[in-house]
Amino acid sequence: MPRPSFPKTIFEFNQWFPDEEACLKFLIQSRWPDGFICPRCSHTDYYWIPTRKLLQCKKCGYQASVIAGTVMHRSKMPLRVWFQAAYLVTTHTPGMSALQFQRQIGLSSYQTAFTMLHKLRAAMVRGGRDRLSGMVEVDETYIGGERAGPTGRGALGKVIVAGAVDIRGKYANRVRLRVIPNVTQATLTEFVKENVLDGSTVKSDDWLGYNKLTGAGYKHIVSTELIHIHRVFSNLKTWLRGTHHGVSKQHLQAYLNEYVFRFNRRGTPMAAFQTILGLAKGRLGPTYRGLYGVAKGQKAWEHPTNPILERLLS
Ligand SMILES: [Zn+2]
């Protein structure tokens, strides 16, 4: 059996997922598209224990969780609520605030809505994703800050975000965004190396921070026309203000990830349905580490990240 598709309309959604059992079946098919194989004895027959969301090997008794490593792991929320949440988050183009989300899903607690949204957002980080290539525009922008103050490089109380977008013909293709500690050569060169394939052409303004790109294996063009990355920054700021009414420094990278995720899938948003439930291949588990603590305010946001930039940030 192939990996299942994703619901394309709300009508399809309701037809596919009328109850918990339907959701469980979908999960089983997503996790074991070629059929269940016992990890201990390779037997393929199993008992199904829906109350505990487990498959149990008929031969050796091994119990495999259907939801371990997904966003639903250790959640008391019914699967159908998670599925609805994933559908809403992927199809609602501008994304949602926790309050909108709480109302749409009909949750009594804002805290629960916040936690669920954050878990779904964590699943939007793709590990080992491809780097941008071809013609790539790179720039930085400043976000946030309570008071009106100086703008541009060196602005106080703001968070610096580096961005890259690759251009295909006249159009922006994919985007990458990242909180950075400063705009030095070391930081900006590292940002480019992390996000742009060597040999690509990088277009930036004439800031000194980009002077090491040629030595780092890129063709470097200095230009005053960076229309695509500037448009990305402008839309990002509108989105942060409009949908989320501004965000804290601590969570900014999570929102950047969501923005990037939506931008790069703007053609087929529903295709992200499984990804954000945490069902994508090879990326179960550690992404959700610490999220409970974050939602309860006990822990700082831990973002799976580039260790070199992380060291520069601390
Ligand atoms: Zn077995």
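Quick rundown of the values:
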quantity: Debye intensity ratio in log₁₀ form over the Cα atoms of segment 12-134, taken at each q of 0.11, 0.15, 0.20 Å⁻¹; calculated: -0.48, -0.81, -1.15
quantity: Net lengthening on full extension, N235/H43 (0.36 nm per residue, minus Cα-Cα); calculated: 63.9 nm
quantity: Taking the convex hull of Cα positions in segment 189-284, its mean projected area over all directions (nm²); calculated: 8.4 nm²
quantity: Table column - 3J(HN,Hα) (Hz), segment 191-197, Karplus curve with 6.51, -1.76, 1.60, x for Gly and Pro; calculated: 4, 5, 4, 5, 10, 10, 5
quantity: Under 5 Å, built H, 5+ apart or other chain: amide partners of R178; calculated: A162
quantity: Segment E194-D206, length gained on full extension (0.36 nm per residue, minus Cα span); calculated: 2.2 nm
quantity: Sites F11 and Q111 - FRET efficiency at Förster radius 30 Å, r taken between beta-carbons, to 0.05; calculated: 0.40
quantity: Pairwise FRET efficiency - C60 versus Q185, Cβ, R0 = 51 Å, nearest 0.05; calculated: 0.35
quantity: Whole-number D in µm² s⁻¹ for segment 46-96, Kirkwood Cα-pair radius fed into Stokes-Einstein, 37 °C, 0.692 mPa s; calculated: 259 µm²/s
quantity: Spherically averaged projected area in nm², based on the convex hull that wraps the Cα atoms of segment 168-229; calculated: 4.3 nm²
quantity: Calculated FRET value between R52 and S248, using beta carbons and R₀ = 35 Å, to 0.05; calculated: 0.40
quantity: Distant-in-sequence amide H partners of H220 (H built 1.01 Å from N, under 5 Å); calculated: V202
quantity: Calculated from backbone phi, Karplus (6.51, -1.76, 1.60) coupling profile of segment 210-220 in Hz, x at Gly/Pro; calculated: 9, 5, 8, 5, 4, x, 8, x, 10, 7, 10
quantity: Per residue accessible area in Å² of segment 1-124, where ligands, DNA and RNA are left out and the probe is 1.4 Å; calculated: 51 Å²
quantity: Estimated inter-spin distance, E20 and A271, nm [label 7 Å along Cα→Cβ]; calculated: 3.4 nm
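The values are calculated or read from the model by the stated rules, or taken from the named source; none is laboratory data. The shown structure was predicted, so the numbers you read here are calculated from the model rather than taken from an experiment. Here Cβ is always computed from backbone atoms with ideal geometry, including for glycine, and neighbour counts include all displayed protein chains. These accessible areas exclude ligands, DNA and RNA; they are computed on the full protein's heavy atoms, side chains included. Shrake-Rupley method; radii C 1.70, N 1.55, O 1.52, S 1.80 Å.
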